[in-house]
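The values are calculated or read from the model by the stated rules, or taken from the named source; none is laboratory data. Since this is a predicted model, take the numbers as computed values, not measurements. Backbone-built Cβ (ideal geometry, glycine too); neighbour counts: all protein chains shown.
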4 protein chains.
Amino acid sequence: MTLAMNKALMNTFLASVFQEVSNEFHVEDVCEGKVTLRLLVNEKHLRPGGTVSGPAMFSLADVTAYMLTLAHIGPRALAVTTNCSIDFMRKPSSGVDLIAFGRLLKIGKTLSVCDVFIHSEGCEKVVARASLTYSIPPTGVELTN
Amino acid sequence: MTLAMNKALMNTFLASVFQEVSNEFHVEDVCEGKVTLRLLVNEKHLRPGGTVSGPAMFSLADVTAYMLTLAHIGPRALAVTTNCSIDFMRKPSSGVDLIAFGRLLKIGKTLSVCDVFIHSEGCEKVVARASLTYSIPPTGVELTN
Amino acid sequence: MTLAMNKALMNTFLASVFQEVSNEFHVEDVCEGKVTLRLLVNEKHLRPGGTVSGPAMFSLADVTAYMLTLAHIGPRALAVTTNCSIDFMRKPSSGVDLIAFGRLLKIGKTLSVCDVFIHSEGCEKVVARASLTYSIPPTGVELTN
Amino acid sequence: MTLAMNKALMNTFLASVFQEVSNEFHVEDVCEGKVTLRLLVNEKHLRPGGTVSGPAMFSLADVTAYMLTLAHIGPRALAVTTNCSIDFMRKPSSGVDLIAFGRLLKIGKTLSVCDVFIHSEGCEKVVARASLTYSIPPTGVELTN
């Protein structure tokens, strides 16, 4: 399966579709079946105690699985998450970005299944692990703006 | 089991601990084993297509389970989510708030388990359903700021 | 939405499709959007310590969601589970059957989503809670034996 | 972290604790943080259509995470599953055993978190993926039979 988008296109797409968060997420690397994203951690991602919040990690996992799916099917913005199971295992290190590794486990006509492992940059221990299912819209049903 | 916090205390706690999002969440109702929260939907919660984003719904589910746990054990801010499984079932209605109903399924010394159902205000169909496990810190380990 | 199968048909279907376990599961009640099943607990369901095993509870949750889906779409045996998230919360009581309450949260053309609460008979505390997604085969793709 | 049990001890433990299923599961390999188990597929694992049933795959994932946890903490039979999220992605091949690869993502004093990938023997595509949380009993609380 060849990629439908390369890294530059994926970052352009992220910036156009998620304007308000485009400075938070960056596609670092993509190849067949795999993607790496960075969450540029800022104040608004933090929780009491100074750690990155659960919702910020969920967002990172969700965007990672979304971009990984689109890398293989092309920029169909309306793909939607149908299920996510996420385990939070350790506190992220403070003051560093989070790195997410996404892996495509299945891609069919109507569903994709990915898993995502999140680490603090520079530390190999897993901070969070998620599996996500995305529903893929039929071809032709797309954004018009 | 009696409640450790009433609705007014819960909203005060929310405002002090989550200053940046305290105008987004509001505890509507609480009783033994149950809580109702409102997400005051604004522009930043929206995704392409005008629907409330998955991460915004995850945040609502997470804050609901957190506040429900604290309602029963008191304001221990350091309780942390260890697991969440969430199903996204329908698009939320546009232009209305989301309402979350949380139910405490178990509360032990070290873990609580809740489920949360999310609806668009004024519509009884379930938009999302989540189950969450919270790890409860030992008494005495608390925020000091 | 009317039911496609009543209780008697559902038990006949269970007995014909799952011959080896048909004496373990019994549909107790069914109405629109809801079903109640019984697991007739026997020796082979038990784990060290005398409690019903996790796999036996998973089976009960899975059969409950399957029968609930089929009650609404008719006896399409090839419906398959795509995802299950299950929380085990308490030890079941020994020496009594398990009762599962299933609720249909969504049924579409290709997917159904259910949740299932499992109790020991005669005790209202939840022993396990599961949510399951079933993939529904297109009409006409069915068992021929 | 050194292993508390080697492969031979793990198979002996399996045979003693799960007498009724000890001829179904076999520990193939174990090292720090990883384990491989085999499900010797037989008639009773099959579903309509000839494929291995979801509950049989759940059992395999559950026993894999259990044995992986015990490999690191020693034979404490009373460790219990508190949560499992499982995705079923493809039909297993017929007529061959299933192989499960378990990986320990976290092991603490009270919880372990594992993920498990299941394949049909001789085929690298993932049939099912699960993540499981085990609750670890305090030292000294053990089986006495």
Can you tell me how many residues in the range A:34-48 are at pLDDT 90 or above and assigned to a strand (DSSP E or B)?
-> 6
Restricting attention to the range C:76-90, which residues are within 14 Å of the chain's Cα centre (by Cα) and modelled with pLDDT under 95?
-> C:Ala77, C:Ala79, C:Val80, C:Thr81
In the range D:91-120, what residues are more than 25 Å from A:Ala128 (Cα to Cα) and over 16 Å from the mean Cα position of the chain (by Cα)?
-> D:Lys91, D:Pro92, D:Ser93, D:Ser94, D:Gly95, D:Val96
Find the strands (runs of 3 or more DSSP E) located wholly in the range B:65-145 whose residues include 3 or more that are touching a Gly at 6+ places or on another chain (Cβ under 8 Å) and buried (at least 18 other Cβ atoms within 10 Å of the Cβ), and list them.
-> B:80-88, B:111-120
For the range C:3-18, indicate whether the set of residues that are farther than 22 Å from C:Pro55 by Cβ, crowded, with 17+ Cβ neighbours inside 10 Å, of a type outside the set (Lys, Arg) and in contact with a Lys or Arg (Cβ under 9 Å, 6 or more places away or on another chain) is non-empty.
-> no
Where D:Val30 falls short, out of the listed (1) within 11 Å of the chain's Cα centre (by Cα); (2) free of Cβ contacts under 8 Å to residues at least 60 places away in the same chain; (3) more than 12 Å from chain C (Cβ to nearest Cβ) = (1)
All but one of (1) within 28 Å of B:Thr133 (Cα to Cα); (2) of a type outside the set (A, V, I, L, M, F, W, C); (3) in contact with a helix residue (DSSP H, G or I) (Cβ under 8 Å, 6 or more places away or on another chain); (4) away from chain D (no Cβ under 14 Å) hold for A:Arg76; which doesn't?
-> (1)
